[in-house]
Amino acid sequence: MPSQFRIEYPNTRIIIDCTEIFIQRPSSFTSQTSTFSNYKHHNTMKFLVSITQSGVISLVSEGWGGRVSDRQITEESGLLDMLDTGDSVMADKGFTITDLLSKKGCSLNIPPFREQSHQFSVEDVHLTQEIAQLRIHVERSIGRVKNFHIFDGVLPLSMSPIASKVFQVCCWLTNFDVALVEDK
């Protein structure tokens, strides 16, 4: 475990995030609705990616329609079954999964939400920075996957049946690259 985690977040088992790739707009209205991402303003396929503290990709979900929530992908991806009591998961604010993790005896480390006041407290600012410095590794890992440039354009619908497998293979290939998180 890198020292960055060992000191402040020793129980962190994984860091998770979702990513999306553009897909061609389906002709079916139902399919258009289920794949349209309000975040990307485009039809997308969405994946959950989990990395270990050292930056190794440990789980890649199947592709989902871009409209699906981070919570639903987390629930149905099998990720929760891989956690043990006492584990901690690091994520961004969009992952509203505290209750799901609590049922497993696990915890969630996310940046704090701003309460009624208009500003964060000094403690909340430091906590946000601390988590962001560690959580960035999952985004860097996803960036390595996208460096293959296979998903730069709009994925044709004819590739939909194999899109999940292609994305997963790209993820697994990045694990052969040099270490993403080095111990200082």
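The values are calculated or read from the model by the stated rules, or taken from the named source; none is laboratory data. Note that this is a predicted model, so its numbers are computed, not measured. With ideal geometry, Cβ positions are generated from the backbone for all residues, glycine too; neighbour counts draw on all protein chains shown. The protein model used for the area step is the full one, side chains on, heavy atoms only, and it has no ligands, DNA or RNA in it. Shrake-Rupley method; radii C 1.70, N 1.55, O 1.52, S 1.80 Å.
Placing +1 at every Lys and Arg Cβ and -1 at every Asp and Glu Cβ, with all other atoms neutral, what dipole size does segment 55-106 have around its Cα centre, in debye to the nearest 20?
Taking the Cα centre of segment 55-106 as origin, the dipole is about 160 debye.
Under 5 Å between amide hydrogens, built in the peptide plane, is the criterion, and for Leu155 it picks out Phe22, Ile23, Gln24 among residues at least 5 positions away or on other chains. For Ser58, the residues 5 or more places off, or on other chains, whose built amide H falls under 5 Å of its own are Ser50, Ile51, Thr52.
Add +1 for every Lys or Arg and -1 for every Asp or Glu among the other residues with Cβ under 15 Å from the Cβ of Gly153, and state the total. Write down the numbers at each step before the final one.
On the way: positive: Arg25, Lys40, Lys146; negative: Glu20, Asp152.
That works out to +1.
Taking amide H as placed 1.01 Å from N in the peptide plane, Leu108 has its amide H under 5 Å from the amide H of Val89, each at least 5 places away in sequence or on another chain. The long axis of helix 160-174 is offset from the longest Cα principal axis of the chain by roughly 40 degrees.
The phi-based Karplus calculation (6.51 cos²θ - 1.76 cosθ + 1.60; θ = phi - 60°) puts the 3J(HN,Hα) values of segment 138-145 at 5, 5, 5, 5, 5, x, 4, 5 Hz, whole numbers, x for Gly and Pro.
Using the 1.4 Å probe convention, the accessible area of segment 83-170 works out to 58 Å² per residue with neighbouring protein chains retained.
Ordering Leu80, Leu134, Cys18 by Cα displacement along the dipole of the chain toward the positive end leaves Cys18 in first place; charges were set at the Cβ atoms of Lys, Arg (+1) and Asp, Glu (-1). Each residue, Lys103 and Thr128, gets one label point 7 Å from its Cα in the Cβ direction; the gap between the two is 3.1 nm. Be a star and scan segment 40-80 for residues whose amide nitrogen sits under 15 Å from the point 7 Å along the Cα-to-Cβ vector of Thr30. Taking a point 7 Å out along Cα→Cβ of Thr30, the residues of segment 40-80 whose backbone N falls under 15 Å are 65. The phi-based Karplus calculation (6.51 cos²θ - 1.76 cosθ + 1.60; θ = phi - 60°) puts the 3J(HN,Hα) values of segment 61-71 at 6, 5, x, 10, x, x, 7, 5, 7, 4, 4 Hz, whole numbers, x for Gly and Pro. The accessible surface of the chain, taken with every protein chain in place and a 1.4 Å probe, is 54 percent carbon and sulfur. Separation of segment 44-118 from segment 135-184 is 18 Å, based on Cα centroids.
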